[in-house]
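Trainee: To start, I am sharing the structure in question, which I have written as structure tokens.
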């Protein structure tokens, strides 16, 4: 029996167009936080910016539409990162029209690392509230996102190499 292969959800390199990643922040409600997604000279994605609590703000996110089919073999998402010591959320949606996200927080420790997030541990959340729905169990991922909103003013710089479904 052949083993199903890991799937690259996204792999940064110098030829990637970072404009496929959409930036969303608290500016939609009057805040002043900001972020960008760029590709550095090493071909890594760099999600960076400033989170501000001014005007009741406090978050920013970068999101990417994807088309990933999940098999029974796939149990986790693996993030290859260079962290900055901040806490982030990785978010997934199972349909394009879904209004809520399945989320999991992780600490991006300083330095190079692999962060493993079990699919079954992604829980449904909408605007900071956990929903009374089952955790993630879908057979597809239609959108992914990195989110930061730690209830404090802070600058951040998360370097991303690749995102795998394993």
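The values are calculated or read from the model by the stated rules, or taken from the named source; none is laboratory data. In this text the structure is predicted, and so the values were computed from the model without any measurement. Using ideal geometry, Cβ is built from the backbone for each residue, glycine included, and neighbour counts are taken over all protein chains shown.
Trainee: Please go through region 18-63 and pick out each residue that is over 24 Å from residue 150 (Cβ atoms) and under 17 Å from the mean Cα position of the chain (by Cα).
Mentor: 19, 20, 39
Trainee: Sticking with this one: Would you say residue 74 is surrounded by 19 or more Cβ atoms within 10 Å (Cβ to Cβ) and over 30 Å from residue 53 (Cβ atoms)?
Mentor: So residue 74 fits the description; yes.
Trainee: Conditions first: (1) part of a loop (DSSP other than H, G, I, E, B); (2) free of Cβ contacts under 8 Å to residues at least 40 places away in the same chain. Residue 27 passes all but one, so which condition is the exception?
Mentor: Just one mismatch for residue 27, condition (1).
Trainee: Looking at region 91-111 only, could you name the residues that are surrounded by 12 or more Cβ atoms within 10 Å (Cβ to Cβ), under 19 Å from residue 126 (Cβ atoms) and touching a residue at least 24 places away in the same chain (Cβ under 8 Å)?
Mentor: 91, 92, 93, 94, 98, 100, 101, 102, 103 - these are the residues of region 91-111 that are surrounded by 12 or more Cβ atoms within 10 Å (Cβ to Cβ), under 19 Å from residue 126 (Cβ atoms) and touching a residue at least 24 places away in the same chain (Cβ under 8 Å).
Trainee: Here's a follow-up. Could you say which residue among 69, 56, 17 is farther than 24 Å from residue 152 by Cβ and modelled with pLDDT under 95?
Mentor: 17
Trainee: Filter region 106-153 down to the residues that are closer than 18 Å to residue 72 by Cβ and in a loop (DSSP other than H, G, I, E, B), then identify the one that is nearest to the chain's Cα centre (by Cα).
Mentor: Selected residue: 122.
Trainee: All but one of (1) surrounded by 12 or more Cβ atoms within 10 Å (Cβ to Cβ); (2) assigned to a loop (DSSP other than H, G, I, E, B) hold for residue 88; which doesn't?
Mentor: Of (1) surrounded by 12 or more Cβ atoms within 10 Å (Cβ to Cβ); (2) assigned to a loop (DSSP other than H, G, I, E, B), only one is false for residue 88: (2).
Trainee: Restricting attention to region 149-164, does a residue exist that is surrounded by fewer than 15 Cβ atoms within 10 Å (Cβ to Cβ), at pLDDT 95 or above and within 16 Å of residue 93 (Cβ to Cβ)?
Mentor: No, that holds for no residue.
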